[in-house]
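Q: Quick one: the structure is below, questions incoming.
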Amino acid sequence: MGPLLFGSEIYRGSSYGGWHPLRVPRVSTVLDLSRALGWLPPDRFRVSPRAKPAALATWHTPDYLAALEAAERAGAVDPPTRDRHGLGTASNPVFPEMFRRPATGAGASLLAGEMLAGGGRIHNPGGGTHHGMPDRANGFCYLNDAVLGILSLRRNGAPRVAYVDIDAHHMDGVEHAFAENPDVLLISTHEERRWPFTGHLHDAGLGQVFNLPLPRGLNDDEMALARDRLILPAVEAFAPDAIVLQCGADAVEEDPLSRLSLSNNAHLEMLRALLPLAPRFLLLGGGGYNPWSVGRLWTGAWAVLSGQDIPDRLPPEAEQVLRGLRFDGNSRGRNPPDHWFTALRDTARLGPVKPEVTDRVASLSARIGAIPGRWL
Ligand SMILES: [Zn+2]
């Protein structure tokens, strides 16, 4: 099976509401850009199926799923439902596709687990909803497709899964699911002292959980250190049957919600380095609230996953897609720099490695030898 991109038109025009960070187009940009570049012929694309509640109930509670479906039908939630399930809040608002849209992202990750049974690479840019909890919505995530995708991989011939999460926020929902599972390696890099305020350096699970909190202003050289001394050696030592990479675009400099300062090269080089380390690879989206950063990064990631060369200057059809984006209600939307329209790759953001980054990477690297081994 060649590399596949999973997508859906449900994302186009769907919004969490006019003031919510997820009012911006994301997956539709990836599809439009990839097609404009000739990188998405019909045989590389699959329409993401919408997962049924029974499939979602492999991790989510039936009560929660019923409440989520009912909220979409009614277009409203009552106060007890809001309090119990986190629905109808400022973060997780009621909106017209509030069940169907996340169920589509989850359906793609569930199907990816099945389709990767014989090996291969799949990109689900609508996935990466790593904050979702079994019984409640959390941090813009109504369902946790990352957890469901890992469970699906494990049911379909890949018992050992390495999950790597380079979103600006900690992977709290995924860690909640697998912190006590020796067959799921969990590695998260995230901005320190930022919501959800979990993911401390010393939280180790059974020895297979690695949390690397990082300071504001993180640069590409610092991320390369984490990649080469911690992430790649830990994944290699674990010898996974599958890798899931959550590629949140909110760790990039221009994101409005976080204060890390990576260029998108950091994400693309992480992906390139991880690809050869397992026969099955599931690439997920995640956070990312600047429409240009997200579209350029996840399209570039599809290029890396599917073996395309990224041109220095985009052809006119692709430039047109980026010039058509709007970022209403944010100052970054008023005067976008020219390279947001004309190139996928950012200029590298290099710099000194701060001592606390070196120290934290070293303290986690020292634990690699104690990762639980393959149980025979
Ligand atoms: Zn995030």
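Q: Can you work out which of the residues in the range 280-321 that are more than 24 Å from the chain's Cα centre (by Cα) and assigned to a helix (DSSP H, G or I) is farthest from L110 (Cα to Cα)?
A: That would be P316.
Q: Could you please find all residues in the range 322-376 being aromatic (F, W, Y), assigned to a loop (DSSP other than H, G, I, E, B) and either surrounded by 15 or more Cβ atoms within 10 Å (Cβ to Cβ) or touching a strand residue (DSSP E or B) at 6+ places or on another chain (Cβ under 6 Å) (or both)?
A: Within the range 322-376, just F327 meets the criteria.
Q: In addition: Determine whether S34 is within 19 Å of C141 (Cα to Cα) and of a type in the set (S, T, Y).
A: Criteria not met by S34.
Q: Now, a different point. Restricting to the range 268-296, count the residues that are away from the ligand (no atom under 13 Å from the Cβ), closer than 22 Å to A162 by Cα and touching a residue at least 40 places away in the same chain (Cβ under 8 Å).
A: 13
Q: Among the candidates L111, L65, L116, single out the residue that is among the aliphatic types (A, V, I, L, M) and either over 28 Å from P279 (Cβ atoms) or more than 20 Å from the chain's Cα centre (by Cα) (or both).
A: Exactly one residue qualifies, and that residue is L65.
Q: Against the condition open to solvent by 10 Å² or more (accessible area, probe 1.4 Å), of a type in the set (S, T, N, Q) and modelled with pLDDT of 95 or more, how does N265 come out, does it pass?
A: Yes.
Q: Here's something else I'd like to know. Find all pairs meeting these conditions: Cβ atoms under 7 angstrom apart; at least six residues apart or on different chains; first residue within the range 127-140 and free of Cβ contacts under 8 Å to residues at least 60 places away in the same chain; second residue small (G, A, S) and more than 13 Å from the ligand (Cβ to nearest atom).
A: Within 7 Å, the pairs are N138/G86.
Q: Please find, within the range 119-138, the residue that is surrounded by the fewest Cβ atoms within 10 Å (Cβ to Cβ) out of those that are farther than 23 Å from V30 by Cα and either within 16 Å of the ligand (Cβ to nearest atom) or among the charged types (D, E, K, R) (or both).
A: Out of the qualifying residues, it is D135.
Q: Still on this structure, please answer the following. Mind checking which pairs have a first residue in the range 155-171 that is free of Cβ contacts under 8 Å to residues at least 40 places away in the same chain and a second that is of a type in the set (S, T, N, Q) and more than 16 Å from the ligand (Cβ to nearest atom), Cβ under 6 Å, 6 or more apart or different chains?
A: Every condition considered, no pair remains.
Q: Can you tell me which condition H176 does not meet? The list is (1) away from the ligand (no atom under 14 Å from the Cβ); (2) open to solvent by 10 Å² or more (accessible area, probe 1.4 Å); (3) over 30 Å from T358 (Cβ atoms), and all the others hold.
A: (3)
Q: Kindly provide the set of residues from the range 27-38 that are buried (at least 19 other Cβ atoms within 10 Å of the Cβ) and part of a loop (DSSP other than H, G, I, E, B), ordered by number.
A: L37
Q: If I filter the range 99-118 down to residues being among the aliphatic types (A, V, I, L, M) and open to solvent by 20 Å² or more (accessible area, probe 1.4 Å), which single residue comes out as farthest from D241 (Cα to Cα)?
A: Filtering first and then ranking leaves L111.
Q: Output the residues belonging to the range 229-246 that are within 17 Å of G157 (Cα to Cα) and in a helix (DSSP H, G or I).
A: If the condition is that a residue be within 17 Å of G157 (Cα to Cα) and in a helix (DSSP H, G or I), then F238 is the only one that fits.
Q: When the residues of the range 194-253 are narrowed to those that are surrounded by fewer than 18 Cβ atoms within 10 Å (Cβ to Cβ) and acidic (D, E), which ends up farthest from the ligand (Cβ to nearest atom)?
A: Among them, the one singled out is E236.
Q: Just give me the residues in the range 70-98 being open to solvent by less than 10 Å² (accessible area, probe 1.4 Å) and of a type in the set (G, A, S), in sequence order.
A: Answer for the range 70-98, where residues must be open to solvent by less than 10 Å² (accessible area, probe 1.4 Å) and of a type in the set (G, A, S): just A71.
Q: Ok, one more. Within the range 180-189, track down each residue that is open to solvent by less than 10 Å² (accessible area, probe 1.4 Å) and touching a residue at least 60 places away in the same chain (Cβ under 8 Å).
A: Those that are open to solvent by less than 10 Å² (accessible area, probe 1.4 Å) and touching a residue at least 60 places away in the same chain (Cβ under 8 Å): L185, T189.
The values are calculated or read from the model by the stated rules, or taken from the named source; none is laboratory data. These figures come from a predicted structure and were not determined experimentally. So basically every Cβ, Gly included, is an ideal-geometry build from the backbone, and we count neighbours across all protein chains shown. Just so you know, the surface numbers come from the protein's heavy atoms only, side chains and all, with ligands and any DNA or RNA stripped out. Shrake-Rupley method; radii C 1.70, N 1.55, O 1.52, S 1.80 Å.
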